[in-house]
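Undergrad: Below is a structure I'd like to ask you about.
The values are calculated or read from the model by the stated rules, or taken from the named source; none is laboratory data. Everything quoted here is computed from the prediction, not taken from an experiment. Every residue, glycine as well, gets a Cβ built from its backbone with ideal geometry; the counts of neighbours run over all protein chains shown. With ligands, DNA and RNA removed, areas are computed over all heavy atoms of the protein, side chains included. Shrake-Rupley method; radii C 1.70, N 1.55, O 1.52, S 1.80 Å.
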Amino acid sequence: MRASISIFLILISSVCFGNKIDDLKTSEDVLKFIKKTFDKQDRFQTIQRNPKAIDFKFIKLDLNKDGLTDILINGIYLYAIIDKGGRNNFEENYIGGRHFNCQLLSVDTSKAIPTLVVQKENDYDNETGKDIEFKPDTLINLYGGFIEYNSSPKQIDFKEIKIMTSACFGTCPIFDLTINNHKKAIYNAKEYNKLTGIYKSSINDKEFADLVGLLTYINIDSLKSDYKIGWTDNPSIDVEIKYNGLIKKIHDYGLEGTFGLKRLYDVLYKLKATQDWE
């Protein structure tokens, strides 16, 4: 039997809060905790016209089954605060995109790791002048972020991944990044990066294993070859994945294709920034 946690409204009251999620009891507690931990609080409120109003729903649970209590905040935006262990080591995780927000519909705790059913808000297509409506997504917290739940991921024979970013109306980083199955990476930094030129590096075992694990979990076969948002002046990314003797090519205008793809982009952008390039 599916076990669901109903989303409920926490009534406002004035009590002192601890510095851990387990100590949080009320919406005021949560806002004070966020203010102290991340030095921000307005994005977690739902009454936009009244900046002093506290009106959101929250749930405390272990989202990634690491034995630590996390918190889901469902207001104007949908956020997860992940306890990373250690003293005051928390991670803020926005569940949405650059051009859309999500609302939490339900939480299922019957699986090994909880899953969330979320609803994207409609997008607008400038070409057709019509709204783009989305179906609900079922998400799970794996590989450092929220991605679409896959009940039966299949192992892949990974050979290589390459991403190529394009310009936007602004200073979006333009670069190529290639990683092969020998953990070798080539980074071609073109414009708006900290580096400029062609560099090489070796990905460490854990980061490489997480990358391949993520590629396995997001089900490459099911991904479309083209994604786009309805807005203009945004960057695009081209992805080529060589696996199982195949080549999957994806063009993503706006970098919002799927939750899994967005997590993949975040991982690769982070590698670009953290590797020792030579």
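Undergrad: Looking at LYS262, LYS228, LYS248, LYS224 in this structure, which one is open to solvent by 60 Å² or more (accessible area, probe 1.4 Å) and either among the aromatic types (Phe, Trp, Tyr) or at pLDDT 95 or above (or both)?
TA: LYS224
Undergrad: Could you tell me which numbered condition GLU91 fails, if it satisfies all but one of (1) under 15 Å from the mean Cα position of the chain (by Cα); (2) in contact (Cβ under 8 Å) with a residue 12 or more places away in the chain; (3) open to solvent by 30 Å² or more (accessible area, probe 1.4 Å)?
TA: (2)
Undergrad: Is there a residue being over 30 Å from ILE21 (Cα atoms), hydrophobic (A, V, I, L, M, F, W, C), open to solvent by 30 Å² or more (accessible area, probe 1.4 Å) and more than 21 Å from the chain's Cα centre (by Cα) anywhere in segment 140-157?
TA: Scanning segment 140-157, I find at least one residue that is over 30 Å from ILE21 (Cα atoms), hydrophobic (A, V, I, L, M, F, W, C), open to solvent by 30 Å² or more (accessible area, probe 1.4 Å) and more than 21 Å from the chain's Cα centre (by Cα), so the answer is yes.
Undergrad: Kindly evaluate PHE169 against the criterion of being over 19 Å from the mean Cα position of the chain (by Cα), at pLDDT below 95, open to solvent by 60 Å² or more (accessible area, probe 1.4 Å) and of a type in the set (A, V, I, L, M, F, W, C). Quick ask: steps written out before the conclusion?
TA: Values: over 19 Å from the mean Cα position of the chain (by Cα): yes; at pLDDT below 95: yes; open to solvent by 60 Å² or more (accessible area, probe 1.4 Å): yes; of a type in the set (A, V, I, L, M, F, W, C): yes.
Judged against the criteria, PHE169 is a match.
Undergrad: Here is a further query. (1) of a type outside the set (A, V, I, L, M); (2) surrounded by 14 or more Cβ atoms within 10 Å (Cβ to Cβ); (3) at pLDDT 95 or above: which one isn't true of LYS200, the others all being true?
TA: (2)
Undergrad: State which residue pairs qualify: first residue over 28 Å from CYS168 (Cα atoms) and inside segment 193-215, second residue open to solvent by 60 Å² or more (accessible area, probe 1.4 Å) and in a strand (DSSP E or B) in any location, beta carbons under 7 Å apart, and separation of 6 or more residues or different chains.
TA: So the pair list comes out as SER202/LYS184.
Undergrad: Determine which member of the set ILE73, ILE156, ILE147 is in a loop (DSSP other than H, G, I, E, B) and hydrophobic (A, V, I, L, M, F, W, C).
TA: Criteria check complete, one pass: ILE156.
Undergrad: Working only within segment 129-163, note down all residues that are without any contact (Cβ under 8 Å) to a residue 60 or more places away in the chain and polar (S, T, N, Q).
TA: Taking segment 129-163 and keeping what is without any contact (Cβ under 8 Å) to a residue 60 or more places away in the chain, we get 129-131, 133-136, 138, 140, 149, 151-152.
Scanning segment 129-163 gives THR138, SER151, SER152.
Undergrad: Return the total of residues in segment 231-243 being surrounded by 15 or more Cβ atoms within 10 Å (Cβ to Cβ), within 20 Å of HIS182 (Cβ to Cβ) and either free of Cβ contacts under 8 Å to residues at least 12 places away in the same chain or not hydroxyl-bearing (Ser, Thr, Tyr) (or both).
TA: Final tally of qualifying residues: 3.
Undergrad: Output the number of the condition that ASN193 fails; it satisfies all remaining conditions of (1) out of contact with any Ser or Thr (no Cβ under 6 Å at 6 or more places or on another chain); (2) open to solvent by 60 Å² or more (accessible area, probe 1.4 Å).
TA: All conditions are met except number (2).
Undergrad: Further, regarding this structure: Checking ILE140 against (1) modelled with pLDDT of 95 or more; (2) under 15 Å from GLU256 (Cα atoms), only one condition comes out false. Which one?
TA: (2)
Undergrad: Could you give every pair whose Cβ atoms fall below 7 Å, whose first residue belongs to segment 255-278 and is at positive phi, and whose second residue is assigned to a helix (DSSP H, G or I) and open to solvent by 10 Å² or more (accessible area, probe 1.4 Å), counting only separations of at least 6 or pairs across chains?
TA: Sorted first by the residue in segment 255-278, then by its partner, the pairs are LEU255/LYS262.
Undergrad: Residues of segment 110-119 being surrounded by 15 or more Cβ atoms within 10 Å (Cβ to Cβ) and farther than 13 Å from TYR149 by Cα, which ones?
TA: Residue satisfying the conditions is GLN119 alone.
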